[in-house]
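Shown next, in structure tokens, is the structure this report addresses.
Bear in mind that the values in this text are calculations on the coordinates, not laboratory data. Keep in mind that what you see is a predicted model, and the values were worked out from it rather than measured. Don't worry about glycine lacking a Cβ; one is built from the backbone with ideal geometry, like all the others, and counts go over all protein chains shown.
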Amino acid sequence: MTQRDWKIVNPGGSRRVVVTKELPGDRWLQFLTATDCRVEIALGDEILSGAEIVAALGDHCDAAIGQLTESWSAETLGALAAAGASLYSQCAVGYDNVDVAAATRCGLPVGNTPGVLTETTAQLAVALTFAAARRIAEGDRMMRAGEYHGWLPRLLLGTLLYRGTLGIVGAGRIGAAYARMMVEGHKMDLVYFDVRANEELEKYISDYGAFLAAHGERRVTCRRAQALRELLDACNVVSIHAALTGETHHLIGAPELAAMREEAVLVNASRGPLVDEAALVTHCRAHPRFRAGLDVYENEPDMAPGLSELDNVVVVPHLGSATTWTREGMATLAAANVAGILNDWPVWRAVGGLEDVLPFLEGEEPPRAAPSIVNADALGLPRLAAQAAAERGHP
Ligand code: DGY
């Protein structure tokens with residue numbers, strides 16, 4: 001990388017912050033310049049390699065804001081710590097590309113951006129669910145190819161999800177938001193699989209069931225599956241919302257696909273490697289009435305051979321959080337993490353929804369806190385006292 005590939009904002013700032021991609025909005029830069037940061041932003045769309053990142057960090061760097069597409073390995077984080085940095089801030093909620101244990105060993109806080117992408121990502125999962133179930137992409141291709149010659153009783157028949165059964169794998173914030181949208185909007189019964197019970201979601205659906213009953217309609221139900229297999233054959237839709245870890249890698253492979261219903265819909269808007277993509281290609285080829293809606297891929301930006309040829313698969317390029325409001329919010333939270341740590345402010349609450357982070361996104365005087373540091377407890381970082389009790393244990 002050469003000097004001309006970088007944009008420098010606030011060149012006289014006393015703290016050096018390296019940002020590996022241009023970010024949307026202005027507020028994030030206001031956080032950094034108000035903290036007296038000189039901000040060095042890599043220009044261009046290409047993904048920086050570990051070596052390029054290490055070169056960019058140089059001998060002195062106070063903080064870095066990076067992306068989920070980059071490898072923040074022990075080596076890269078070690079170089080960041082050696083450059084004297086106070087933290088690494090990821091501009092995403094997911095951080096499976098970050099070796100958090102290594103960062104913790106170096107004493108480096110790792111920031112992320114929860115809260116702002118919950119509803120946005122859940123909406124995208126809903127969009128993929130119906131794009132797959134109702135064959136939207138196939139219809140779009142037919143229209144553009146001039147192959148629509150008039151209404152036909154058997155043209156592109158899809159699956160009615162109304163009053164069906166929805167399965168979610170991972171009932172954290174995004175999974176729960178998706179579940180609420182699908183259950184409320186389409187009166188589906190819910191089965192969820194998660195290592196932790198989500199009592200709040202269960203109560204919400206129970207209350208919604210009571211509301212339906214009060215209006216003379218059949219209740220919806222919610223139950224937690226004890227095993228993934230129990231969910232797979234019970235559901236019309238299975239949507240994945242779990243984090244990528246060693247345990248969840250290839251959570252859905254050939255045996256799990258075989259256990260799903262012939263006309264089921266599989267949605268993945270979490271991380272690609274949760275699904276064995278080659279097995280999915282084989283399954284979709286053999287079962288044309290099975291459908292999948294994918295936002296994420298095992299080896300992004302590539303797709304498994306054969307995936308793009310399948311009519312029963314809808315594919316979009318990792319758009320889960322891609323709304324202007326959300327992406328600007330992610331940039332703001334990533335920068336607020338930097339400002340919070342560089343200013344020695346405490347850490348904001350560890351969990352919560354949109355309302356938790358709104359104070360960082362609007363108003364003249366944002367909280368004097370770092371919004372989300374994933375290894376705050378491991379590093380013994382102080383939290384705002386009044387918020388410590390708000391932790392509920394869901395990512
Ligand atoms: C995240 O933040 O982890 C999302 O995948 C970005 O869309």
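What are the lysines whose alpha-carbon lies under 25 Å from the alpha-carbon of K7, with same-chain residues fewer than 8 places away excluded?
Within the straight-line cut-off, K7 pairs with K21.
If each of R368 and W325 carries a label point 7 Å out from its Cα toward its Cβ, how far apart are those two points in nm?
With each label point 7 Å from Cα toward Cβ, the separation is 3.0 nm.
Students often check this: by mean Cβ neighbours within 10 Å, which of 325-335, 100-110 ranks highest, and how do the rest follow?
325-335, 100-110
Please compute the net charge surrounding T159, taking Lys and Arg as +1 and Asp and Glu as -1 over other residues with Cβ under 14 Å from its Cβ.
Net local charge, T159 excluded: +3.
Test of understanding: express the Cα radius of gyration of the stretch 118-315 as a ratio to 2.2 N^0.38 Å, with N the residue count. Could the numbers behind the result be given before it?
Details: Rg = 16.8 Å, N = 198, 2.2 N^0.38 = 16.4 Å.
After normalising by residue count via 2.2 N^0.38 Å, the value is 1.02.
What is the chain's relative contact order, in percent, from Cα pairs under 8 angstrom and six or more apart in sequence?
Details: 809 pairs, mean separation 69.7, N = 395.
Reported as a whole number, the value is 18 percent.
Set the Förster radius R0 to 30 Å, insert the Cβ-Cβ distance between E309 and L152 as r into 1/(1 + (r/R0)^6), and round the FRET efficiency to 0.05.
Values: r = 24 Å, r/R0 = 0.81.
For E309 and L152, the calculated efficiency is 0.80.
Among the GluC sites (Glu not before Pro) within the stretch 117-188, which fall in a DSSP loop and have no more than 14 other Cβ atoms within 10 Å of their own Cβ?
E147
For D26 and E52, calculate 0.36 nm times their separation in residues minus their Cα-Cα distance, and state this gained length in nm to one decimal. Numbers along the way, then the final one.
Values: separation 26, 0.36 × 26 = 9.36 nm, distance 2.57 nm.
Working it through step by step, the gained length comes to 6.8 nm.
Using modelled backbone amide H atoms (1.01 Å from N, in-plane), which distant-in-sequence or interchain residues come within less than 5 Å of R383's amide H?
V347
List the chymotrypsin sites (Phe, Trp or Tyr not before Pro) within the stretch 81-187 that DSSP assigns to loop and that have no more than 13 neighbouring Cβ atoms inside 10 Å. Write out the running numbers ahead of the final one.
Numbers: sites: Y88, Y95, F130, Y148, W151, Y162, Y178; in loops: Y95, Y148, W151, Y162.
For chymotrypsin sites (Phe, Trp or Tyr not before Pro) across the stretch 81-187 that sit outside H, G, I, E and B with at most 13 neighbouring Cβ atoms in 10 Å, the list reads Y148, W151, Y162.
Using alpha-carbon pairs under 8 Å, 6+ residues apart, how would you state the relative contact order of the stretch 118-315 in percent?
21 percent
Please give the calculated 222 nm ellipticity per residue for the chain, where each DSSP H segment of at least 4 residues contributes -39500 (n - 2.57) and the sum is spread over every residue; nearest 500 deg cm²/dmol?
About -10500 deg cm²/dmol.
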